[in-house]
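Just below is one structure, and these are the notes that go with it.
The values are calculated or read from the model by the stated rules, or taken from the named source; none is laboratory data. Predicted, not measured: the structure shown is a model, and the values here were computed from it. Positions of Cβ are backbone-derived with ideal geometry, glycine not excepted, and every protein chain shown enters the neighbour counts. Ligands, DNA and RNA are excluded from the accessible area calculation, which covers all protein heavy atoms including side chains. Shrake-Rupley method; radii C 1.70, N 1.55, O 1.52, S 1.80 Å.
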Amino acid sequence: MRGEGEGEREEEEKRTQKTTTLDEKTLMKKLESIVGGVESVEGVETDDKGEVLMHAIAQDYKTGEVLMLAHMNKEALRLTLQTGKAHYWSRSRRKIWRKGETSGNEQIVKDILIDCDGDAILLKVEQKGGACHTGYRSCFYRRLNGEIVSEKVFDPAEKYGKQRKESVK
């Protein structure tokens with residue numbers, strides 16, 4: 001037997017998949033139009049293949065809450081467009097990662113916007129669980145003075161094990 005709302009969730013996932021899955025030709029045209037002019041910018045950060053990294057902001061598509069800031073290269077953007085799930089470039093691990101691949105706290109992409117200069121991306125997402133690896137819904141959970149302005153929505157030790165520590169940067 002299905003639980004309450006399960007059928008609705010399945011229908012929403014099907015609709016999302018239909019709107020975000022693109023054929024390869026259309027996908028490559030979109031990618032080129034988005035990142036085509038960015039690759040000539042001097043002094044910007046690149047991945048290990050020399051591809052430009054773009055700032056990627058994840059925002060809750062319903063509330064407008066800013067959830068996190070990450071980076072994307074062309075491949076991360078391609079995977080995001082292709083799957084409808086947010087993929088990013090990890091500068092510390094030097095590899096692409098899918099949000100939620102370890103924790104299950106994935107981001108279902110509802111819309112993608114590009115800024116006026118074509119060098120930053122805004123992902124409007126449906127956030128499953130918390131966006132922050134420290135257990136908060138948003139990575140922006142504290143003020144400059146250190147005051148915590150949010151509550152944890154999950155225990156990082158349960159999702160990642162003891163090896164992942166809260167980072168203060």
Can you sort 132, 116, 139 by 1.4 Å-probe accessible area, starting with the largest?
-> 116, 139, 132
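Rank by packing, highest mean first: peptides 54-66, 145-157, with packing defined as the count of other Cβ atoms within 10 Å averaged across residues. Don't jump to the answer; show the numbers that get you there.
Numbers: 54-66: 16.7, 145-157: 11.6.
Sorting 54-66, 145-157 by mean packing, highest first, produces 54-66, 145-157.
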Name the long-range amide H neighbours of residue 85: under 5 Å, sequence gap of 5 or more, or other chain; modelled H, no Pro or chain starts.
-> 109
Non-local residues with an amide H under 5 Å from the amide H of residue 133, with H modelled 1.01 Å from N and Pro and chain starts lacking one, are none
With respect to the cross-link table entries 99/128; 110/159; 62/95; 62/128, which display a Cα-Cα separation exceeding 19 Å?
-> 110/159; 62/95
Accessible area per residue in Å² at 1.4 Å probe, computed on segment 62-131 | 44
In order over segment 82-99: 3J(HN,Hα) from phi, Karplus 6.51/-1.76/1.60, θ = phi - 60°, whole Hz, x for each Gly or Pro, gives 6, 9, x, 10, 5, 10, 9, 9, 8, 5, 6, 8, 6, 7, 7, 9, 9, 4
